[in-house]
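First comes the structure, then the notes that go with it.
No value in this document is a laboratory result; all are computed from the given coordinates. Here the structure is a predicted model, which is why all the values come from computation and not from measurement. Positions of Cβ are generated from backbone atoms using ideal geometry, with glycine treated the same way; all protein chains shown enter the neighbour counts.
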Amino acid sequence: MVTIKDVAKEAGVAISTVSNVLNNVDVVSEETRQRVLDAAEKLHYVPNMNAKFLKSNKKNTIGLFLTSIQGDFYKDLIQAVHLQCKLKGYQLNIYISNENTSEEIYSMIISSGVEGVIVFNEHLSQEYINRLAMAHVPIVFLDREYCTEQMSSVIIDSMEGATCAMEYLIKQGHRRIGYFHGVSNFDDESRYKAYENVLKKYNLPIEESIILRGYFEEALAYSEMRVFLLKGIKLPEAFFCSNDEMAWGCVRALAEAGIKVPDDISIVGFDDSTVAKYNTPAITTVHSPVAELGSYATTEIIRLIQSEESVQGGVFRLSPALVIRDSCKLRIG
C-alpha cells in the first residue's frame, strides 16, 4: 500500500509538506503543491480515511498528544482533561508519540483533524511549532514556556517545587546532597537548575560524582544506585530525585546494601505519586498538581478555540507543594 512517505519521496519533499498539501494548509508554494499532487496521482495514493473522518468531524474535538500513558502522572492528567472535555461538551482523542521525530509529530497533529491541541512532548522542536503557528492550530503546551497568538503554556513550576525540596534538606542539616536526573526535558532541567541554585546560595559544592541519572524510571535508578555503591564513592547525606519512581529505586538499592533511609541517608522525590505515599518509608516529596494542570490546560485550549479572532496566549504556572513524610531525618553534627 502506498503511504505518505512514498509520496514525499516521489515528490522530493518532506512528509510534513505532503501533509500540508493534502490538508490544504496554506504554507506551501504553488509549484511544490502541484508536484506533491502529481506524485500522489502517479502513485495512486489513497489518504488515510481515519484521518479524513477526523478532519471532517473536527468540531468539538480536542487532541491530547503525549509521549506515554504509563504511571500516575499520565493517568491523572488524562482523567482531568477527559473530565473537563466531558463537562464542556468536547470529545477527547489521545495520541501517543514516543520515538517520533519532530516532523512526524507535526504531521500527526496536522492530520489529526482536531479543533485544538494539548501537547506534552518535548521532542517537538521550535521549527515545527512555528509551522503549527502558521497553520493557525490552537495549542496549549504542558512541557515548555511558550506563548504567541493561539498558543499558550500551562506548566507546573518545577523550579519552585525543587527549590522548596532543597531548602528543606538544607534546614534538616544536610550539606552534601546528590541529585538523580530523569530524562533531559523541561521539568528535569528546571529541577536541576534549582538544585544548583540552592547549593550555590549556601556556598556548597556541586559534586559530579554524586549526580546520577535514572531516566524517571524506578528500575534504572535502582541499577544506577547499585553501580554507584559498588564504586566505593562516599555516600552523600541526601539525594534529591527528580521524580518519586527514581526515589523509590534508590531506597530499594540502598536497603539491599544495608543502608537505611532515613537513618543513614535522606531521600526526597518529586510528583507525590502512589509509590511515594504507600511504601515504607513513605517518601518526602513535592506534590505536583497534575489534576489542576489537566483542568487548566483544557479550559485554556477551549478559550483559544472559541475565540472569534486570533487571541494572544499566555504562560500559566501552577505551584507545587512540599509533602513531608518519613524518608528524611534531621542531621545533627
- Note on the structure: Sequence order, region 291-304: Karplus ³J(HN,Hα) from phi using 6.51 cos²θ - 1.76 cosθ + 1.60, θ = phi - 60°, Hz rounded, Gly and Pro as x, gives 4, 5, 4, x, 5, 5, 4, 5, 4, 5, 5, 5, 4, 5
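Output the antiparallel fraction of DSSP beta bridges having both residues in the chain, as a percent to the nearest 5.
About 15 percent, rounded to the nearest 5.
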- Answer check: region 1-47, Cα atoms, Kirkwood Rh, Rg/Rh ratio of 0.91
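Once the mean 1/r over all distinct Cα pairs of region 247-318 is inverted, what Kirkwood radius in angstroms do you read off?
15.2
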- Item | Added length on full extension, which subtracts the Cα-Cα distance from 0.36 nm per residue, residue 96 to residue 127 | 9.1 nm
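Fewest first, what order do 265, 332 take by the number of other Cβ atoms within 10 Å?
332, 265
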- Relative exposure of 227, 198, 290, 323, judged by other C-beta atoms within 10 Å (fewest first): 227, 323, 198, 290
- Item | Theoretical ellipticity at 222 nm over the chain - DSSP helices of four or more residues, -39500 (n - 2.57) apiece, nearest 500 | -14000 deg cm²/dmol
- Under Karplus coefficients 6.51, -1.76 and 1.60, residue-wise ³J(HN,Hα) of region 137-147 in Hz, glycine/proline x: 8, x, 9, 10, 9, 10, 10, 6, 9, 7, 8
- Task: With unit charges on the beta carbon (Lys/Arg positive, Asp/Glu negative), name the residue among 67, 242, 146 whose Cα is farthest towards the positive pole of the charge dipole of the chain.
- Result: 242
- Task: Mind giving me the FRET efficiency for residue 134 and residue 38? R0 is 35 Å, r the Cβ-Cβ distance, nearest 0.05 is fine.
- Result: 0.90
- Pairs of alpha carbons in region 159-288 whose separation is greater than 24 Å (percent): 17
- Query: Under 5 Å between amide H atoms, partner at least 5 residues away or on a different chain: which partners does residue 284 have, H built in plane at 1.01 Å?
  - Reply: 269, 325, 326, 327, 328
- Item | Most fluctuating residue given options 45, 192, 74, as computed from a GNM of the chain linking Cα atoms under 10 Å | 45
- Task: Take residue 175, project a point 7 Å from its Cα along the Cβ direction, then tell me which residues of region 237-264 have their backbone nitrogen under 14 Å from it.
- Result: 237-238
- Message: Using a Förster radius of 25 Å, what is the FRET efficiency between residue 257 and residue 208 based on their Cβ-Cβ separation? Nearest 0.05, please.
- Response: 0.70
- Message: With a 10 Å cut-off between alpha carbons and a GNM built on the chain, which of 276, 40, 194 moves the most?
- Response: 40
- Message: What lysines does residue 260 reach when the alpha-carbon gap must be under 26 Å and sequence neighbours fewer than 8 apart in one chain are set aside?
- Response: 171, 231, 234, 277, 329
- Query: Mind listing the phi-derived Karplus ³J(HN,Hα) values for region 319-324, rounded to whole Hz, using 6.51, -1.76 and 1.60 with θ = phi - 60°, and x for any glycine or proline?
  - Reply: 7, x, 9, 5, 10, 8
- Message: Full-extension gain between residue 291 and residue 229, please, as 0.36 nm times their residue separation minus the C-alpha to C-alpha distance.
- Response: 18.6 nm
- Listed by chain and number, the residues whose amide H is under 5 Å from that of residue 211, excluding neighbours fewer than 5 places away on the same chain and using placed H, are 179
